[in-house]
1. Could you grab me the full set of residues in the range 153-169 that are in contact (Cβ under 8 Å) with a residue 60 or more places away in the chain and of a type in the set (S, T, Y)?
2. Just the residues that are over 16 Å from I93 (Cα atoms) and either part of a loop (DSSP other than H, G, I, E, B) or within 18 Å of the chain's Cα centre (by Cα) (or both), please, taken from the range 41-61.
3. From T132, T125, T150, which residue is in contact (Cβ under 8 Å) with a residue 60 or more places away in the chain and either open to solvent by less than 80 Å² (accessible area, probe 1.4 Å) or over 20 Å from Q69 (Cα atoms) (or both)?
4. State all residues of the range 180-192 that are exposed (fewer than 14 other Cβ atoms within 10 Å of the Cβ) and either modelled with pLDDT under 95 or in a loop (DSSP other than H, G, I, E, B) (or both); if no residue qualifies, say none.
5. Which one of K207, K239, K216, K244 is within 18 Å of G164 (Cβ to Cβ), open to solvent by 50 Å² or more (accessible area, probe 1.4 Å) and not acidic (D, E)?
6. Do we find that D112 is at pLDDT below 95 and part of a strand (DSSP E or B) in this structure?
7. Which residue is farthest from the chain's Cα centre (by Cα), if the candidates are limited to the range 1-31 and must be surrounded by fewer than 14 Cβ atoms within 10 Å (Cβ to Cβ) and modelled with pLDDT under 95?
8. Any chance the range 127-147 includes a residue that's touching a Ser or Thr at 6+ places or on another chain (Cβ under 6 Å) and closer than 30 Å to D268 by Cα?
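The values are calculated or read from the model by the stated rules, or taken from the named source; none is laboratory data. None of these values were measured; they are calculated from a predicted model. Reconstructed Cβ throughout: ideal geometry from the backbone, glycine too, with neighbour counts over all protein chains shown. Each accessible area value is taken on the protein alone, full model and side chains, heavy atoms only, with ligands, DNA and RNA left out. Shrake-Rupley method; radii C 1.70, N 1.55, O 1.52, S 1.80 Å.
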Amino acid sequence: MNSNTLVLTYCSGYPYEIFERFAGSLYDTGFSGEAIYFIKESDKPTLEELKKSYPRVDYVVTESHFHVQSFRFVLYNSFLKYTKLHNPTHVFICDSRDVLFQKNIEDWKWDDTVDLYFFGEDKITQDCKYNTSWVTNIDKQFPEEKVWDTIMNKNIICSGTTYGTLDGMKKYVELMTTHLERFPEDHQLKNHPSDQGLHNYLYYMNKLNESGLTVKVLDNKDNLVNTAGYGFVGINSDKKIVNKDWDVSYIVHQYDRFPDSIKAKLSDKYDYIL
């Protein structure tokens, strides 16, 4: 089943070019849905300028009560719960600065048995010092659940891109919001960019399944999202990032980790070095 997708992203404090390359790469693929930027008041002039070129772009002015990388899920939850939407069938939530689109995500053949697609990385949790820190800090909060013992040898699942049915995404961001409320104000989740620990916790500790959600974890070979930080393969002659089968990926995430010599090859239209 093809999808009518709504894209949600938090983006703030960047120059116009970063806002533009996200929307530009998205709509250059033929994408027909809406893209909503969650921004601060100071970003309004930038978004008003962007809307002149991309009429299906809109924005929500927000204020974060703790670290935005976790608080964005609270914002998404409120938006999806209380905003009258234009009947999207699916929702894609993602980072902004390090995400680019290469093929129209609305053409992805959706598995009707799946509520959410998560995207795995090519590394296990205990082999990454950042993910180790995020997960062990949750483990310390709930030692009776043995979170670290369960997750330490599991592949990292990236929280920077998640694709779901509208109902599936509503349940997911509500779960993220509800679980965030379990942590004290001085916890790492609320003071550092560590939402990925909670994302992995919900999946590997079966909180999503217990809520009736069917989640499928895709990797770079599946090619919907190429999470390239630990798995970059190459660029083809059309300046598209590819997976191990040399297939062009629909979405590329974490390209900001590439050296400038690689980023300079990604586009003649947008500046991916900035």
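1. Scanning the range 153-169 gives T161, T162, Y163, T165.
2. Result: Y54, P55, R56.
3. T125
4. Within the range 180-192, E181, R182, P184, E185, D186 meet the criteria.
5. K216 is the lone residue from the list that is within 18 Å of G164 (Cβ to Cβ), open to solvent by 50 Å² or more (accessible area, probe 1.4 Å) and not acidic (D, E).
6. no
7. M1
8. Within the range 127-147, not a single residue is touching a Ser or Thr at 6+ places or on another chain (Cβ under 6 Å) and closer than 30 Å to D268 by Cα.
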